[in-house]
Amino acid sequence: MSDWAVLGVPVYTLAGYNGMGEAPTALRKAGLLQTAGGKDLGDVEIPPLMKDVLEGRTKNLTHFRESTSRVFSASRLCESKHVLIVGGECSETVGVMAGLAESFGGRPGMLWLDAHGDFNLPETSPSGYIGGMCLALACGRAPGFDLGLGERRFPLAEERLVHVGSRALDQPEIEAFNSSPAKLFTSQAVKKAGASSVAEEAARHLDNRSDWIACHLDIDVVDPMFIPSVNYPTPGGLNMEEASAIVRAVLKTGKLRVLELAAYNPSIDGGGSSAERLLELVRKILSLS
């Protein structure tokens, strides 16, 4: 497959994480467009975040709402069959999925690969960092929380969510997943059962319940010995083959329409080796190598 339209979404929700906002530009320079082989849709214009502001229990909430609104507006206009979203921070997914759900219709499923849960809520988050609660928000776990989407309801149902690769869950996230119909495969579980077994189960689960599927790939799901240029490098992660096998199994269902790349930080990738490995991973996933 080589027909993935590329949309840059340089979102970040902490001022010190502005490096993640540079990822779309850096990955284009590294050859992403040649890897994807599709149309370049440009970047969503995101307002700069210069200083962190605590709003209630959440940091930079107003900035997040404005960014999400802009990402939603751009995503809902996307008519490409396959879209490669290049972030940016994991919180990109709130606006991306809301917008693409309006564009694509039907029941979306989500394969979420991440070292972290991103399943906290404002009242359970130890830091107030929106990037650590964005998946829970996207699933509607904070119904009174203003996401910057107006009256729109988020379309991602937890029975159509498969989370893979975690190894740094907070206790409230563990409790939330235990009470959720979402499927959770920790990094340890992948190592124990084997990536091919987890890949088959994840693909089958999503295929049976979804009209189309998105994959959110936080780069830190891969062990930092392979791709170290992330803000939260966490040992014990998947290797390149394990990560690509899991996504490729979902790709083979014929329903994968969205691939989100998140959390690569080029400002700490001086020699560009992490960018090279990331593009290698994308090629493996898209069957281009």
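The values are calculated or read from the model by the stated rules, or taken from the named source; none is laboratory data. Predicted, not measured: the structure shown is a model, and the values here were computed from it. Here Cβ is always computed from backbone atoms with ideal geometry, including for glycine, and neighbour counts include all displayed protein chains.
Some observations on this one:
- If you filter region 164-214 down to residues that are outside any helix (DSSP H, G or I) and either in contact with an Asp or Glu (Cβ under 7 Å, 6 or more places away or on another chain) or without any contact (Cβ under 8 Å) to a residue 12 or more places away in the chain (or both), you find that the one that is surrounded by the most Cβ atoms within 10 Å (Cβ to Cβ) is G165.
- The residues listed here are R141, R160, R153; of these, the one that is in contact with a helix residue (DSSP H, G or I) (Cβ under 6 Å, 6 or more places away or on another chain) and of a type in the set (D, E, K, R) is R160.
- Within region 264-283, being touching a Leu at 6+ places or on another chain (Cβ under 9 Å) and closer than 21 Å to A195 by Cβ holds for L278, L279, L281, V282.
- Restricting region 130-163 to residues that are out of contact with any Lys or Arg (no Cβ under 8 Å at 6 or more places or on another chain) and among the small types (G, A, S), the residue that is surrounded by the fewest Cβ atoms within 10 Å (Cβ to Cβ): G144
Okay, residues lined up against (1) within 13 Å of T13 (Cβ to Cβ); (2) of a type in the set (D, E, K, R):
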{"residue": "E55", "(1), (2)": "yes, yes"}
{"residue": "T68", "(1), (2)": "yes, no"}
{"residue": "G109", "(1), (2)": "no, no"}
{"residue": "L135", "(1), (2)": "no, no"}
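- Residue selected from region 7-50 under the condition in contact with a Lys or Arg (Cβ under 7 Å, 6 or more places away or on another chain) and not in a loop (DSSP other than H, G, I, E, B), by the criterion surrounded by the fewest Cβ atoms within 10 Å (Cβ to Cβ): A15
- Qualifying residue in region 95-111 (condition: modelled with pLDDT of 95 or more, over 18 Å from L256 (Cα atoms) and touching a Lys or Arg at 6+ places or on another chain (Cβ under 6 Å)): no
- When residues of region 67-84 are limited to those that are closer than 12 Å to M97 by Cβ and out of contact with any strand residue (DSSP E or B) (no Cβ under 9 Å at 6 or more places or on another chain), the one surrounded by the most Cβ atoms within 10 Å (Cβ to Cβ): T68
- With a requirement of 1 or more residues that are within 16 Å of the chain's Cα centre (by Cα), of a type outside the set (S, T, Y) and within 22 Å of D3 (Cβ to Cβ), the helices (runs of 4 or more DSSP H) lying completely within region 51-139 that satisfy it span 92-104.
- Search result, residues across region 218-269 that are hydroxyl-bearing (S, T, Y), part of a loop (DSSP other than H, G, I, E, B) and surrounded by 23 or more Cβ atoms within 10 Å (Cβ to Cβ): S229, Y264
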